[in-house]
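Here's the structure we're looking at; comments come further down.
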Amino acid sequence: MAVPSSHATRRQLVLNLFIYPGGHHEAGWRYPGARPERLLDITFYQDLARSAEAAKLDAVFFADGPAQVDNIRYASRFRLEPLTWLSAIAAATTHIGLIGTASTTYYEPYNLARLYASLDHLSGGRAGWNIVTTAVPQASANFGLAETPSHAERYARAAEFVDVVTKLWDSWEDDALVADPVSGLFADDTKIHPIEHVGRHYRVKGALNTPRPPQGRPVYVQAGSSDDGRSFAARYAEAIFTAHQTVESAKAFYADIKKQAAGLGRNPDHVKILPGISPYIGSTEAEARQLHEAFSDLIQPEYSISQLKQITGVDFSGHPLGAVVELDAFKDAGPAKLVASRFQLVVDIVRREKPTLRQLIDRLAGARGHYVVVGTPEKIADEIQHWFESGAADGFNVMPPWYAAGFDLFASQVVPILRKRGLFRAEYTGRTLREHYGLPRPQSQFAEAARATA
């Protein structure tokens, strides 16, 4: 049954396809019909992006991390460098946004600014930067560090990093590139500005050697939900990828971020809150449950327990699968060198549901702690609409358990219901990711300063 909509004519869902090699269930690559032999085939990802574009989704989203994690033995845990992959996807699509992850801890601002400016230019204004600080301990040794920088240090570095990159993208005013063969003037160099940044972490002279991106700046996306992450997101993010198991938790997060953004003088409508959702879709409830159970049967506990250790720092390898997980197991663990929000999510599940170890790893296997929904297309659409209209989400990052059929089911059966209810677009009305999200194109801070002194 459809949930009544009071916002259908004035507020639209944001829907991204979160592409994760092998699917978002840890055993998705094993499910019949999955195509693990295509995981290094760019045409596979181009086909996924074309399907998402045909469904008029806002963007495709690629996560990344600069390290090989420890538990690749049983799951598709390698990473494809997102900007290279998204550039190839840009050539195969015309409208869909292209969001990729890059770390402020392990990139340099000037290089990153060039990379994303280039993606924005070659795609005609469809780039988004998912800003992460990278907590995984395996990464630091790849960059000559003895240990992972502390949580506070990573976020301090990230704030300065974003400030520098923003200045670099603004360093060319919009009309600096003239290219007038009659006058012979190629660029108005009075409108190209060295940024002269000197800070605690960076010294960058600038200007960028690439003209200003079509969107002014790529869309700023962020995925942290810790206290520092929330403050950072409220200040900088234009879209926030977050994980919640309950609508109550999502509403509290949503209200907090919107309040913080407003307190910083930002328009809260320009900060899109996008929880992850992983749908298991069947023509009946029983069929959907059977699908979910089929994935659960493919779980390999050794892998799942190693995943749980990565999230919580607690080793359950000697714990019987049928025994209840006690809350005390986490009392000596802590998020100092972990992803704090994901650690808390697991603790909350244990406190709320008192699961056995098997039940807990089953919960996390579906989408690494993101919201798993099992049911008919109407039920999935009802859940999406309920979260959207109750102040829990502005949209969702869709996380199919497996590819490509897992997404095809969502696109062909759930999206039409959302569209019929007036919650999602029938056609694109713009070409850039900012236009899809309803975000303004920012002015160059250097152009604004020049006008102020004119």
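Details
- Taking the criterion of being in a helix (DSSP H, G or I) and closer than 17 Å to residue 437 by Cα, the only residue of segment 235-253 that qualifies is 236.
- Reported count of residues in segment 101-129, each being in contact (Cβ under 8 Å) with a residue 24 or more places away in the chain and outside any loop (DSSP other than H, G, I, E, B), is 20.
- Residues being among the aliphatic types (A, V, I, L, M) and more than 26 Å from residue 257 (Cβ to Cβ) - total across segment 416-445: 2
- Residue, surrounded by the fewest Cβ atoms within 10 Å (Cβ to Cβ), within segment 27-58, restricted to residues that are at pLDDT 95 or above, among the small types (Gly, Ala, Ser) and not in a loop (DSSP other than H, G, I, E, B): 54
- From the options 336, 329, 286, 294, residue that is of a type in the set (Gly, Ala, Ser), assigned to a helix (DSSP H, G or I), modelled with pLDDT of 85 or more and in contact with a helix residue (DSSP H, G or I) (Cβ under 9 Å, 6 or more places away or on another chain): 329
- Answer residue from segment 206-234, given it is in a loop (DSSP other than H, G, I, E, B), out of contact with any strand residue (DSSP E or B) (no Cβ under 8 Å at 6 or more places or on another chain) and of a type outside the set (S, T, N, Q) and is nearest to residue 61 (Cα to Cα) among those: 217
- Options 366, 395; residue that is under 30 Å from residue 43 (Cβ atoms), at pLDDT 95 or above, crowded, with 20+ Cβ neighbours inside 10 Å and not aliphatic (A, V, I, L, M): 395
- When the criteria are applied in full, residue 419 fails the requirement of being in a loop (DSSP other than H, G, I, E, B), under 26 Å from residue 53 (Cβ atoms), of a type in the set (Lys, Arg) and modelled with pLDDT of 95 or more.
- Qualifying residue in segment 6-26 (condition: assigned to a helix (DSSP H, G or I), within 16 Å of the chain's Cα centre (by Cα) and not small (Gly, Ala, Ser)): no
- Note on segment 169-187: residues that are farther than 19 Å from residue 215 by Cα and among the aromatic types (Phe, Trp, Tyr) amount to 1.
The values are calculated or read from the model by the stated rules, or taken from the named source; none is laboratory data. From a predicted model like this one, the values you see are computed outputs, not experimental measurements. For neighbour counting, all protein chains shown are included, and Cβ atoms are generated from backbone atoms with ideal geometry for every residue, glycine included.
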